[in-house]
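First up is the structure itself, then whatever we jot down about it.
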Amino acid sequence: MLERIARTCVRRRGRVVLAWIGVLVAVNVIANGVLGADYRANMSLPDSESREVQRLLETASPNRTGVTAQVVFEADQGVNDPTVRARMEELFRSVGLLDNVDVTSPYSPEGSGQVSDRAPIAFAELQVKDGDWNELTALGDKIERLGNAVDVPGVRIEYGGEMFGNFEMPESEALGLLAAVIILIVAFGSVLAMGLPIGTALFGLGTGVALTVAISNVQAMPDFAPQMTAMIGLGVGIDYALFIVTRFREGLHAGLEPEDATAAAVDTSGRAVLFAGMTVIVSLMGLYVIGLDFVRGLATGAALGVLVMMVGAITLLPALIGFAQRRIEVTTFRGAIGIFVLTVGLLLGVLLGQALTVLVGLVALAFVVVGSFTFAKPLARAIPPRRAKPRDEQLWYRWSRVIQHRPWPAFVAGFVALVLLALPVLSIRLGFGDTGNLKEDQSPRRAYDLLAEGFGPGFNGPLLLATRLPSGVSQAQLGRVTSVLQRTPGVAFASPAVTNRRNAPTAALWRAIPTTSPQDAATTSLLSRLRNEVLPAAERGTGMDIAVTGNVAVQQDFSTYLAGRLPWFFAAVLTLSFLLLMVVFRSVLVPLKAVVMNLLSIGAAYGIVVAVFQWGWGASLLRVGGAPIEPFMPMMLFAIVFGLSMDYEVFLLSRVKEDWDRTGDSHTSVANGLAATARVITAAAAIMVFVFGSFLLESNRVIKLFGAGLATAVLLDATVVRMLLVPATMELLGDRNWWLPRWLDRLLPRVDVEGSMAHLGPAVAPDAVPAGSVRTAGDRRDLVDESV
């Protein structure tokens, strides 16, 4: 089937490319022009203490539900200066006239506690009816315009709350693409061979991100979901195209016609691409068992990006190859210089502005056009190809032999290095970021800092305590709870109890301000003491059941909820990986080894993330502060890295297995397999490292965290694991690598991930191998590895 698809796409390549252009344009018009984005992170837990309090508050005070925001202002002359007060009261009246907004002014009796006694700072609290992302951001823009009209010397106004945040589409993919261009040029030695994976990935990137934007209207997604889709889609898209183009060039070197080589490439490496892509998607869909809407939204967006790249690799890429054909092997001086000028221009454009990018791009285009004329004929000469080295002179073959001669030192060194890197994960603290993690040039971050300066660091994370009131509860009993809260270490302020009505109240609410910031570990400890020690003692004998909510409590409940499900999720993913690899390689020890090494590499990546983003080691270089790790990060990182590592696992071990089936020599097969695949794996991993690493330049802390985690995990997996631990352990295990009980061999289905190389014909077909074995390109892959 894949062969027929490839041949059809080659023969009708013009229609295929036009169809992809049409899909790209249509999806972007619908997503960005018609529907728009509707990002929202639904943080509702199925059952938790904070959720129960929220339900109680919604019942007792239905007008106090929705989104909370603040208009924070600082006045050098004092917030009670007559001019300042007059203009600010006018502003608050104007904001209160907007639809769905209730304002509590600091100048009203209800807002008397909203004026700082330690600095000339005050704030108005806004209660906004919950709506979709577009409505809230549009309302935030209106409020900011009203505030900007207040022109009083010495008065500074900031806007607190996520509805005032400025979502920025990622720009760092450009640097990832530049890195991919350079890596592919070095690896392939061909401009066209570089351009095909890049072009395919760009089509997939534009389509996948637009689909994510569109689906945000029907499924809850956080505002960084498109960035996640771009990050993962771009990385896997270039890699998948890289594997297929590599196999296509192999076919050309074997003497096939371009169409036959394309069909062979898609029918062999295309199968591995589909297997790897489906593995990533299945692992991402496993996140649905977590049961949280925003996690499902992230999984859906990332899976869409991978799916689009898979489809592009087996349809768009063959069409583009059909245009390139044998010219993929030829690179002229003109083309190389043009790409160099364009690459430098793009880099300068990213750093200095888009106008320069356009200018240098036009210069590069003019250079190529001028170079086409006869007076520039010397530039049209082809660059001589590289000399192919014999197998035993290749770097990776010699490296494998070094490892195989000293397997124990290599194994111990790699194992100890990964374990040491993973040690910080033992102190991981899960929690959510807030507007205090935004860039300092954003108004919500400045409002956050003003509130902390004027009212204390805990003011940005108040704790709300509420209870249903049984009949007979007296004011003295409520006052006793207030006194206990005020005497509790770690509480800076506790309000008197506020009841939902004066006569026969049914609910009471307290507000407690911690002495520490929302992300401080001491605040989490305070929450735990309130729930487990302070409140049970204070409510004893009253019939009350006081529960705690607020952002800190909700986030802690989320962290506890997700942490409790992590082991089950990890177990499911690792079990799936073990079964898949056991079916593919018909071995027990190979998949077991892969599972253990996956845990080691991911654990090391977790450790580096904790050291940087929680402990703050080197955080100043990334412009982030030490804070808890987002609780959904471990499971998202695990799901993604698992799928990506399966890609490299299959690519390397399938070649080793082929040599083993043909020769029965476990030592030589490891060296041959590593030599045949190391260069492609290294290029693919380097692209992912740079693509993921480029997201460290983004302003969003969550995106930085994901970029660091993914880049580190891929780097460790492709170097320490694939190039050190795999050859060392396979050398130590020897023939036992491929041990499989006979009864299990009869039960397992036979899966041929790499397909058949019969397309190459009898002259170049690989030697006979036992029926049912996993087969790849045979020795013919050596040709392309030498050319890459």
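Out of curiosity, is R429 surrounded by 11 or more Cβ atoms within 10 Å (Cβ to Cβ), at pLDDT below 90 and farther than 24 Å from A713 by Cα?
When the stated conditions are applied, R429 does not pass them.
Restricting attention to region 396-419, the residues that are under 31 Å from the mean Cα position of the chain (by Cα) and free of Cβ contacts under 8 Å to residues at least 12 places away in the same chain add up to 1.
State which residue is modelled with the highest pLDDT when the search covers only region 64-83 and only residues that are open to solvent by 60 Å² or more (accessible area, probe 1.4 Å) and within 30 Å of T506 (Cβ to Cβ). Per the stated criteria, the residue is T68. Tell me yes or no: at least one residue of region 664-676 is modelled with pLDDT of 75 or more and not in a helix (DSSP H, G or I). Taking every residue of region 664-676 in turn, at least one turns out to be modelled with pLDDT of 75 or more and not in a helix (DSSP H, G or I). For region 116-126, the criterion of being farther than 20 Å from G458 by Cβ, of a type outside the set (V, I, T) and in a loop (DSSP other than H, G, I, E, B) is met by at least one residue. Scanning region 403-419 for residues that are open to solvent by less than 60 Å² (accessible area, probe 1.4 Å) and over 17 Å from V596 (Cβ atoms) returns I403, Q404. Looking at A476, A492, A522, A504 in this structure, which one is open to solvent by 30 Å² or more (accessible area, probe 1.4 Å), assigned to a loop (DSSP other than H, G, I, E, B) and among the aliphatic types (A, V, I, L, M)? Going through A476, A492, A522, A504 in turn, just one is open to solvent by 30 Å² or more (accessible area, probe 1.4 Å), assigned to a loop (DSSP other than H, G, I, E, B) and among the aliphatic types (A, V, I, L, M): A504.
Select from region 680-710 the residues that are β-branched (V, I, T) and open to solvent by less than 10 Å² (accessible area, probe 1.4 Å) and write down the one among them that is farthest from D441 (Cα to Cα). Checked region 680-710; the qualifying residue farthest from D441 (Cα to Cα) is V680.
For the criterion of being modelled with pLDDT under 70 and of a type in the set (K, R), R4 fails.
When region 282-302 is limited to residues that are open to solvent by 10 Å² or more (accessible area, probe 1.4 Å) and hydrophobic (A, V, I, L, M, F, W, C), the one that is farthest from A639 (Cα to Cα) turns out to be V289.
Checked against the criterion of being closer than 26 Å to E698 by Cβ and crowded, with 17+ Cβ neighbours inside 10 Å, region 457-464 has at least one qualifying residue.
Table: residues versus (1) more than 21 Å from the chain's Cα centre (by Cα); (2) open to solvent by less than 10 Å² (accessible area, probe 1.4 Å).
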| residue | (1), (2) |
| --- | --- |
| W617 | yes, no |
| R623 | no, no |
| M636 | no, yes |
| S645 | no, yes |
| V650 | yes, yes |
| G664 | yes, no |
| A678 | yes, yes |
| T712 | no, no |
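The C-beta contact set for region 693-716 (first residue more than 17 Å from M636 (Cα to Cα), second residue open to solvent by 20 Å² or more (accessible area, probe 1.4 Å) and modelled with pLDDT of 85 or more, distance under 7 angstrom, 6+ apart or interchain) comprises L715/V689. Before we move on, is V552 over 30 Å from L744 (Cβ atoms) and either aliphatic (A, V, I, L, M) or without any contact (Cβ under 8 Å) to a residue 12 or more places away in the chain (or both)? In short, yes. One residue alone among S44, S50, S61 is modelled with pLDDT under 90 and crowded, with 19+ Cβ neighbours inside 10 Å, and that residue is S50.
Kindly indicate whether any position in region 578-595 is surrounded by 22 or more Cβ atoms within 10 Å (Cβ to Cβ), within 21 Å of the chain's Cα centre (by Cα) and under 29 Å from G707 (Cβ atoms). No: zero hits. Pairs linking a residue in region 599-626 that is touching a residue at least 60 places away in the same chain (Cβ under 8 Å) to a residue that is assigned to a helix (DSSP H, G or I) and of a type in the set (F, W, Y), with Cβ atoms under 8 Å and 6 or more positions apart or on different chains, are L600/F415; I602/F638; I602/F642; V624/F613.
The values are calculated or read from the model by the stated rules, or taken from the named source; none is laboratory data. The shown structure was predicted, so the numbers you read here are calculated from the model rather than taken from an experiment. In this analysis, Cβ positions are derived from the backbone assuming ideal geometry, glycine residues included, and neighbour counts consider all displayed protein chains. SASA here: full protein model, heavy atoms, side chains in, ligands and nucleic acids out. Shrake-Rupley method; radii C 1.70, N 1.55, O 1.52, S 1.80 Å.
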